[in-house]
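These notes are about the structure you will find just below.
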Amino acid sequence: MKKWIDLRSDTVTRPTLGMRKAIAEAEVGDDVFGEDPTVNILQERVAGMLGKEAALFVPSGTMANQLAIKSHTQPGDEVIIESTSHPYNFEGGAGAALSGIQFHCLKGLRGILDVSQIEEAIRPDDHHFPVTRLICLENTHNRGGGTIYPIQKMEAIYRFAKPKGLLVHLDGARLWNASVATGIGLHQYAQWADSVSVCLSKGLGAPIGSLVAGSKAFIDRVHRFRKMFGGGMRQVGILAAAGLYAIEHHIERIKEDHQNAKRLALGLSEMEGVSIEPQHVETNIIIFDVSQGGMTASQLAEKMREKGILIHAFGKAQIRLVTHLDVNEEDIETALKAFNEVLGKRQ
Ligand code: TLP
């Protein structure tokens, strides 16, 4: 089988042998009855890591975010969110379809909002307006280029939100990456949000699974809606076991992904027609622009595919690369060599 170097996403990883063994040996039960011991351990472990009272295992990051939005809001409420965020752009319009909310989008700096922007977006207490109910943040910020939310900004937003009765949800699909990159604990980030979603199937390399965490009362509501959305699962300890294995073995190694991403970004900065700011590559995501070169992003992606390298084109001019468990330092050098053959070095 041809060995592709797949840089399209960190979701493409395949379970390692150790993880497959953990899956095979998992104790299971019917999780809809709350009787799957492995799921229960995973939920307690993740709640503890995030410093929250409870957590619930769900199939995807999308379901995790949307359950949080559903559980925090009423139809007609407004949810303040950054305009390139995942829940707004890449979750199939679920906020409107499943919760009947409207998003109030604010443009951030590589995905990061300042509390002053949020302050201005709060609706007055007047029956002409929707009720501002929830603020959604994303750490790391995917479309922002894997940007880390500075914890001081999260704290300022949370401290601003509380006296106004506003809730804060954190899409922490890649919160592991933020924590490994900064050394700031997951619970330290999570303390500045009422609810947090985390994904096991991105940087951590599990085949599936996310969790939503928050207070007991909140998770109780999330549980009810998970059933309603068709997310109740049965002997799902086999998947929770993969998640537990990922948490135990794959968090620390994320720093290698960050080093590989930096190496890629620095190499790309020497290529003809590439606009990139390597200093903006903070974690495992690299976004760069090719509009100054002779090719569209999809033409470049096609040429790289011919060389066995898979990359993701966004629109006409942007490429996203993501490093992960299944690409090593040597693969990064191979990818850079291929970029060099296609683009050439800057003169
Ligand atoms: N992101 C995927 C795609 O959907 C774009 C990727 O390849 O990066 N929050 C964030 C910040 C995400 O990046 C993603 C997935 C999700 C939520 C949704 O997770 P899933 O795919 O499990 O529903």
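The values are calculated or read from the model by the stated rules, or taken from the named source; none is laboratory data. Computed from a prediction, not measured in an experiment: that's the story for all the values here. As a convention, Cβ positions derive from the backbone with ideal geometry for all residues, glycine included, and neighbour counts pool all protein chains shown. Side chains are part of the model used for accessible areas, which takes the heavy atoms of the whole protein and leaves out ligands, DNA and RNA. Shrake-Rupley method; radii C 1.70, N 1.55, O 1.52, S 1.80 Å.
Among the residues of region 290-347 satisfying the criterion of being of a type in the set (Lys, Arg) and assigned to a helix (DSSP H, G or I), which is surrounded by the most Cβ atoms within 10 Å (Cβ to Cβ)?
Restricting to residues being of a type in the set (Lys, Arg) and assigned to a helix (DSSP H, G or I), the top hit is Lys303.
Can you list residue pairs whose Cβ atoms sit under 9 Å apart, with the first residue in region 159-186 being closer than 12 Å to Thr140 by Cα and outside the structural domain of Arg133 (by TED's automatic domain parsing) and the second being away from the ligand (no atom under 16 Å from the Cβ) and aromatic (Phe, Trp, Tyr)? Count only pairs 6 or more apart in sequence or on different chains.
Listed pairs, sorted by first residue: none to list.
When the residues of region 157-178 are narrowed to those that are open to solvent by less than 20 Å² (accessible area, probe 1.4 Å) and more than 14 Å from the ligand (Cβ to nearest atom), which ends up nearest to Val281 (Cα to Cα)?
So the residue we want is Ile157.
Starting from residues that are more than 16 Å from the ligand (Cβ to nearest atom) and basic (Lys, Arg), keep the ones in region 4-53 and report whichever is least open to solvent (accessible area, probe 1.4 Å).
Lys52
When you check Arg320 against the structure, is it within 16 Å of the ligand (Cβ to nearest atom) and either in the same structural domain as Gly205 (by TED's automatic domain parsing) or basic (Lys, Arg) (or both), yes or no?
Against the criterion (within 16 Å of the ligand (Cβ to nearest atom) and either in the same structural domain as Gly205 (by TED's automatic domain parsing) or basic (Lys, Arg) (or both)), Arg320 qualifies.
Looking only at region 275-285, decide whether some residue is within 19 Å of the chain's Cα centre (by Cα), part of a strand (DSSP E or B) and hydrophobic (A, V, I, L, M, F, W, C).
Looking for residues that are within 19 Å of the chain's Cα centre (by Cα), part of a strand (DSSP E or B) and hydrophobic (A, V, I, L, M, F, W, C), one finds at least one in region 275-285, hence yes.
Output the qualifying pairs, or none if there are none: Cβ atoms under 6 angstrom, residues six or more apart or on different chains, first residue in region 200-215 and away from the ligand (no atom under 11 Å from the Cβ), second residue of a type in the set (A, V, I, L, M, F, W, C) and part of a loop (DSSP other than H, G, I, E, B).
Listed by first residue and then by second, the contacts come to Gly205/Leu325.
Which residues, counting only those in region 230-274, are of a type outside the set (A, V, I, L, M), closer than 19 Å to Met63 by Cβ, in contact with a strand residue (DSSP E or B) (Cβ under 9 Å, 6 or more places away or on another chain) and outside any helix (DSSP H, G or I)?
If the condition is that a residue be of a type outside the set (A, V, I, L, M), closer than 19 Å to Met63 by Cβ, in contact with a strand residue (DSSP E or B) (Cβ under 9 Å, 6 or more places away or on another chain) and outside any helix (DSSP H, G or I), then Gly231 is the only one that fits.
Can you pull out every residue in region 140-189 that is under 18 Å from Glu78 (Cα atoms) and not small (Gly, Ala, Ser)?
Within region 140-189, Ile157, Tyr158, Phe160, Lys162, Pro163, Lys164, Leu166, Leu167, Val168, His169, Leu170, Asp171 qualify.
Any chance you could count how many residues in region 67-97 are farther than 24 Å from Arg110 by Cβ and of a type in the set (S, T, N, Q)?
3
Which condition from (1) polar (S, T, N, Q); (2) in contact with a Pro (Cβ under 9 Å, 6 or more places away or on another chain); (3) more than 15 Å from the ligand (Cβ to nearest atom) is the one that Gln188 breaks?
For Gln188, the exception is condition (2).
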